[in-house]
1. Using a cut-off of under 20 Å, list every residue of region 105-147 whose amide N is near the label point 7 Å from the Cα of LEU247 along the Cα-to-beta-carbon line.
2. LEU91's amide H: which non-local residues (gap 5+, or another chain) put their own amide H closer than 5 Å, with H modeled 1.01 Å from N in plane and none for Pro or chain starts?
3. Bins of 10 Å, beginning at zero and ending with the bin holding the largest distance: percent of Cα pairs per bin for region 156-249, please.
4. In whole Å, what are the extents of the chain along the principal axes defined by its C-alpha atoms, from largest to smallest?
5. Could you state the number of Å between the C-alpha centres of region 216-248 and region 122-174?
6. Mind grabbing the accessible area of ASP162 for me, 1.4 Å probe, Å², rounded to tens?
7. Using the Cα centre as the reference, give the magnitude of the dipole from point charges on the C-beta atoms of the chain (Lys, Arg: +1; Asp, Glu: -1; all else neutral), rounded to the nearest 20 debye.
8. Accessible area of CYS40, 1.4 Å probe, to the nearest 10 Å²?
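The values are calculated or read from the model by the stated rules, or taken from the named source; none is laboratory data. None of the values given here were measured: they were computed from a predicted structure. For neighbour counting, all protein chains shown are included, and Cβ atoms are generated from backbone atoms with ideal geometry for every residue, glycine included. Quick note on the areas: whole protein, heavy atoms, side chains included, nothing else; ligands and nucleic acids left out. Shrake-Rupley method; radii C 1.70, N 1.55, O 1.52, S 1.80 Å.
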Amino acid sequence: MSMGKVRSNIAEVFAPLVDLIYPPRCPVCGSGIRSQTGLCGDCWADLRIPGEPACASCQRPLNSEDVGQGAICAVCMAKPPAHDGIAAGTLYGDISRKLVLSYKHGRKTALAPLMARLIGARLPRLDGQWIVVPVPLHRWRLWSRGFNQAALLAREIARSTDSSVAVDALLRTRRTPSLGGLGQKARARALSGAIALNPRRAEKIAGAQVILIDDVLTSGATSDACVRALKRAGASKVVIACFARVLDE
Ligand SMILES: [Zn+2]
Ligand SMILES: [Zn+2]
């Protein structure tokens, strides 16, 4: 029996006891729910899940019902992306924002399995071997937050997809300012050279299929820098997977 199995059996045995001490509450609105993992029915219903039709290249939901299979969105049309697809667990909205806030800033790391489950449900079919790599945090940010929110999700995704994980495959070589409010060019400039491949993982990434994980995907500037670093290192495919995707800023 694997350690993971033993752990989940223990968790099952103790679940009723935990429920007695901490009655399960919806992590978004606080109303009582039946099990420790999940949201209440109302919050589930309000969670925005990306649907069809969607861009064949980046999976951005397309508005028109009458676009054909293989349609490409305006963003991808203007500039073919470096990535090989974006899988978003949810679209950024009221519910996903609250989940991200309590996960990242409220340090509710116990939300990671739930968030990873939502991401996993949107992943494309993964043929062959994949390596899961999180978007890196600068070490000062890591130190002040105490954990890399993307790395925790990466570990969960690796476990559920039977992939390997390389949490330190990418490094932030310097601190970058907040990208909010910056234009596309300014973002690219702020990130230039800030994300690099960890030379110790070069062999692992060369020729590999990579799932790049972030909690929130906003402009895509950071993930784009990561994708480029991975492709420069020889990654054959990089699929971006995020918990919440912001479509309009
Ligand atoms: Zn709720
Ligand atoms: Zn697109």
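1. In region 105-147, the label zone of LEU247 (backbone N under 20 Å from the point 7 Å along Cα→Cβ) covers 118-124.
2. HN-HN under 5 Å from LEU91: ARG48, ILE49, ARG245.
3. Over region 156-249, the share of Cα pairs per 10 Å bin runs 15, 46, 32, 7 percent.
4. Principal-axis extents of the chain (Cα, largest first): 54, 48, 37 Å.
5. Result: 12 Å between the Cα centres.
6. ASP162 has an accessible surface of roughly 130 Å² with all protein chains in place.
7. Roughly 1180 debye, rounded to the nearest 20.
8. 10 Å²
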